[in-house]
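The values are calculated or read from the model by the stated rules, or taken from the named source; none is laboratory data. Only a predicted model underlies this, so the values are computations on that prediction, with no experimental measurement involved. FYI the Cβ positions are ideal-geometry reconstructions off the backbone, even for glycines, and counts take in every protein chain you see. All accessible areas refer to the heavy atoms of the entire protein, side chains included, with ligands and DNA or RNA removed. Shrake-Rupley method; radii C 1.70, N 1.55, O 1.52, S 1.80 Å.
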Amino acid sequence: MDSLWKDVRFAARVLWKSPGFSAVALLALVLGIGANTAIFSVVNAVLLRPMPFADPNRLVSVRESRPGHENNVANPQNLAAWQKRTHSFDKMAAYLPFEYTMTLTGQGTPEDVPATFVTREFFAVLGVHPTMGREFLPEEELPNAPDVALLSDGFWRRRFGADPHILGKKIMARGTPTIVIGILPAGFRFPDVKADIWELISFHPEAERKGRFLAPIARLKPGVTAEQAQADMNIITAQLAREYPEFNSKWGATVTPFRQHFTGDLKTPLLVMLGAVGLVLLIACANVANLMLMRSSGRQREMAIRTSLGATRLRIVRQLLAESMLLGLSGGLLGLLFAVWATDVLLAMLPESMSLANANGITIDGNVLAFTVVVSLGTALLFGLLPAWRASRPDLSDTLKEGGRSVSSSLSRNRMRAALVAGEIAVALMLLIGAGLLVQSFIRLEHVAPGFQPDRILSMRISLTAARYKESKKISTALDEILHRLEQVPGVASVGSIQFPPLGGLLPGTDYRVASRPKPKPGEEPGTGVSIVTPGYFVTMGIPLLKGRLFTDRDRQDAPQVTIVSEALAREQFPHTNPIGERLFVDWSHQTPYEIVGVVGDVKHDALDKPAQPTVYFPNAQETQNIATLVIRTGADPMKLAPVAEQIIHAYDRDQPIAKIQPLDALLTKSVARPRFQSVLLASFAGLALLLAAIGIFGVMSYSVAQRTHEIGIRVALGAQSQEVLRLVVGQALALALIGTAGGLAGAFALTRYLRALLFNVSPTDWLTFTAVPLLLCAVALAASYFPARRAMRVDPMQALRYE
């Protein structure tokens, strides 16, 4: 142990006396280890760390499924039947998986509060208990029971000042007195829902089956696997299909482990990012190994003297490995500090689709610390072992000669350094090709036409849920009056509203059929999205009218029921005929058919990379909804109009909360948040890899020129021209680049198939990327070798030959 401590102290002195070498090596290691630690902290939060619920491995998600509707939300009455008949679950509950807000009035400023509805045993399934108060009671599910709710800890503290007497008090939520029965734990977060008010949903188990809108969760009984639960649910859903064929034909259920449900489409991009940042670390190790090889050449005399004084080869290797370990652990410690900063940056960049990371919390925990230690030690061995082994074999007869040197110390005698640089180039090429594919995919995604014109549109959401809006006609009248007043504002071109805006993450759906055709068999009805709009919506959004007419003020409750359909629905149902005048039965609020009066262009409601789904539009006056997203087209910056719009709405109803005030193109930006996140990260790693590879080429060529000064001097003395010397040095760099490029292309062809799921309209073997990136890398290699080549061109033969 004393000998080891001496090695460590000597290593520290050696590194301290070489500040330039130590600083460059540490910088490469800090960037490599820090980036790996930061990405691993995200992977740890999403894929590895136990979810913050009791015994999370027994939690599963249950969804209704049929062909074309996989992982669909569930019907409440079906859920009730599952709860009664299942033999696999201890408890089963459900929640609304949609973005929902409740209007809070009566105390302070009116506010739209994120909220959701859950069934009674929701928190019991999760194993979460209120820190104050109690959970929902069975009698509170009855139809005439008073409304009750649990509050999040943060909302309780912010809105009510952590009032310890809040329990039993009534708050005005949705214009209805709601009793606060409990406060949830401070750290409680649910991956799929951001809510501050958790209210109990009640339904009659034997009511008519209509609509699917609940997301069930369940806790497996001890010893029961998800596969066994799936077999159990297959039997139950088959029974329900026989008992209720009109509603449940061809509908089954899918049981998915809880974590897998939330991470299914995140695993591949996260592992790709972790692999990419691992390759960056590999390049950093190659750079540091090259630095140590160059440095060991200058320490050959020291090693030769040690050997001649009796030091064994193992003793020298141990001493040099002590230096590597000290560098690696120092790089790991500084990399951990870098990762803390980088984690904050990653949190700011994380798209909402990675909500599980926020629910679990991205922190530097034991897993991350262990990962950093292992990476640091592994890195030290990786970049230190070969240089140490090679340096421990000095040529005593040549090294101990006064001024001993090799006259032909060319690149061919430094195969290890050349191989390391070629390897760096190969790895950098793979990263650059991957980044190029993702960036190209992202650019193409950004240029997809959403079906509307988002520029210069202000959007804001209102909820007409107060007591004064209990009747549909009053809601419709209030919305019309607000829109009319906004339309009078100078600078406003047009106004309209829709229940849920495009690319906002939510579009209600249902079944439909053409009235003039035979009724489809149960389970074979086509599906459609449903949007509730006001007459000015299509003009404001710039959605083109293709056939027929738009809604007008004459489409009121007492007028014939009408609908406008999207081009996708018209193409699906009426490919060769004019749909105007056709009638649709839509499983919505009326049992009578709706007449098609218009066809409008397709709109990307779900995502830009998905096909536009068939959609029916209803006039708000006929299918009134109390939630509305106002859209206001302006002639200038829409956010400048926001204060005026708020004043107008509050002048009409001073208690009306207004939420999500933003330009509409913010929704477009948000919709591509995840591909942007992936592209930016991989492009950053690829850029770092390119920089490290260029530094590696520059270092090797500089060292090669220094080692070959005598040879170059002889060449010049014998008549070699400057251009020949330039070609000699640059040619060696280009040879390295070509060797590395060949290996990198082979690796890229093998690895880019894993990117297929992340790409949009781009082939994993896109010829443009596979051509442009190698040319770029070769250009960088030439640029990195140019300055050493310039120095070689200026070698003075007399100076070079003086030492012989």
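Could you run the Debye sum over the Cα atoms of the stretch 612-656, one equal point scatterer each and no solvent, and tell me log10 of I(q)/I(0) at q = 0.13, 0.20, 0.23, 0.31 Å⁻¹, two decimals? For the requested q values the scattering log ratios are -0.49, -0.88, -0.96, -1.12. Taking a cut-off of 12 Å, what percent of all Cα-Cα pairs in the stretch 508-566 are separated by more than that? Looking at the stretch 508-566, the distances longer than 12 Å represent 76 percent of pairs. Spin-label model, R727/K250: points 7 Å from Cα along the beta carbon direction are separated by 7.2 nm. Looking at the square roots a ≥ b ≥ c of the eigenvalues of the Cα gyration tensor of the stretch 14-76, which shape do they give, rounded for a/c under 1.5, prolate if a/b is larger than b/c, or oblate? Cα axes put the stretch 14-76 in the prolate bin.
Our analysis of the stretch 511-614 gives Rg over Rh at 0.94, with the two radii drawn from alpha carbon positions and Rh computed by the Kirkwood formula.
Phi-derived couplings, Karplus 6.51 cos²θ - 1.76 cosθ + 1.60 at θ = phi - 60°, listed residue by residue for the stretch 335-351: x, 5, 5, 4, 5, 4, 5, 5, 4, 4, 5, 4, 4, 5, 8, 4, x Hz, with x used for Gly and Pro. If R0 equals 41 Å, the separation of the Cβ atoms of A54 and T109 corresponds to a calculated FRET efficiency of about 0.65. Put simply, the Cα atoms of the stretch 35-154 extend 53, 44, 33 Å along their principal axes, the longest span coming first. Can you compute the modelled spin-label distance between D455 and T552, with each label point 7 Å from Cα toward Cβ, in nm? According to this spin-label approximation, the distance is 3.2 nm.
A cut-off of 5 Å between modelled amide H atoms, ignoring neighbours fewer than 5 places along the same chain, links S494 with R633.
Taking the highest mean first, how do the peptides 231-240, 493-502 order by number of other beta carbon atoms within 10 angstrom per residue?
The most tightly packed comes first, giving 493-502, 231-240.
For the stretch 202-262, the relative contact order comes to 30 percent (Cα pairs under 8 Å, sequence separation of at least 6).
Between amide H atoms placed 1.01 Å from N, distances below 5 Å from K169 occur with V180, all of them 5 or more places distant or on a separate chain. With contacts taken as Cα pairs under 8 Å at a separation of at least 6 residues, the stretch 418-543 carries a relative contact order of 26 percent.
Using per-residue counts of other Cβ atoms within 10 Å, averaged over each peptide, order 190-201, 438-449 from highest down.
Output ranking for 190-201, 438-449: 190-201, 438-449.
What the phi angles of the stretch 584-599 give under the Karplus curve with 6.51, -1.76 and 1.60, with θ = phi - 60°, is a coupling list of 10, 8, 10, 6, 10, 10, 10, 8, 8, x, 9, 8, 7, 10, x, 10 Hz, glycine and proline written as x.
For the Cα trace of the stretch 90-244, dividing Rg by the Kirkwood Rh returns an Rg/Rh value of 1.01. The residues W588, W341, sorted by heavy-atom accessible surface at 1.4 Å with ligands and nucleic acids left out, run W341, W588 from largest to smallest.
Taking 0.36 nm per intervening residue step and subtracting the Cα-Cα distance, what contour gain separates A779 from K470 on full extension? My answer for the length gained is 104.2 nm.
The lysines whose alpha-carbon is closer than 24 Å to the alpha-carbon of K267, local same-chain residues fewer than 8 away aside, are K194, K610, K670.
Comparing A38, P146, H87 along the charge dipole axis of the stretch 27-165, the residue lying farthest to the positive side is A38, per the Cβ-charge model. Determine the shape class of the stretch 473-512: with a ≥ b ≥ c the square roots of the Cα gyration tensor eigenvalues, call it rounded for a/c under 1.5, and otherwise prolate if a/b is greater than b/c, oblate otherwise. Oblate is the answer for the stretch 473-512, as a/c is 1.5 or above yet b/c matches or exceeds a/b. When the residues K267, K604 are ordered by accessible surface, computed with a 1.4 Å probe over the protein chains alone, the sequence from largest down reads K267, K604.
Along the stretch 575-580 the Karplus relation, 6.51 cos²θ - 1.76 cosθ + 1.60 evaluated at θ = phi - 60°, assigns HN-Hα couplings of x, 10, 10, 7, x, 4 Hz to successive residues, with x for each Gly and Pro.
Across all Cα pairs in the stretch 459-526, the calculated P(r) in 10 Å bins from zero up to the longest distance comes to 15, 29, 27, 21, 7, 1 percent per bin. A straight Cα-to-Cα reach below 21 Å connects K521 with the lysines K210, K250, residues fewer than 8 places away in its own chain not being considered. Running Debye on the stretch 559-607 with equal point scatterers at the Cα sites and no solvent, what base-10 log of I(q)/I(0) appears at q = 0.18, 0.25 Å⁻¹? The calculated log intensity ratios at q = 0.18, 0.25 Å⁻¹ are -0.59, -0.98. Among the aspartates and glutamates, which fall within straight-line cross-link reach of K473, defined as a Cα-Cα distance under 19 Å, with same-chain neighbours fewer than 8 residues apart omitted? Reachable aspartates and glutamates: E481, D553, D555, D558, E623, D653. For the stretch 433-555, carbon and sulfur atoms together expose 53% of the accessible surface, with a 1.4 angstrom probe and every protein chain in place. The dipole here belongs to the stretch 447-603: it is taken about the Cα centre, uses +1 on the Cβ of Lys and Arg and -1 on the Cβ of Asp and Glu, and is about 240 debye.
Given a Förster radius of 41 Å and the C-beta distance between H69 and Y652 as r, what FRET efficiency does 1/(1 + (r/R0)^6) yield to the nearest 0.05? For H69 and Y652, the calculated efficiency is 0.50.
In terms of packing, defined here as the mean over residues of other Cβ atoms within 10 angstrom, the peptides 731-739, 68-76, 420-428 line up highest first as 420-428, 731-739, 68-76.
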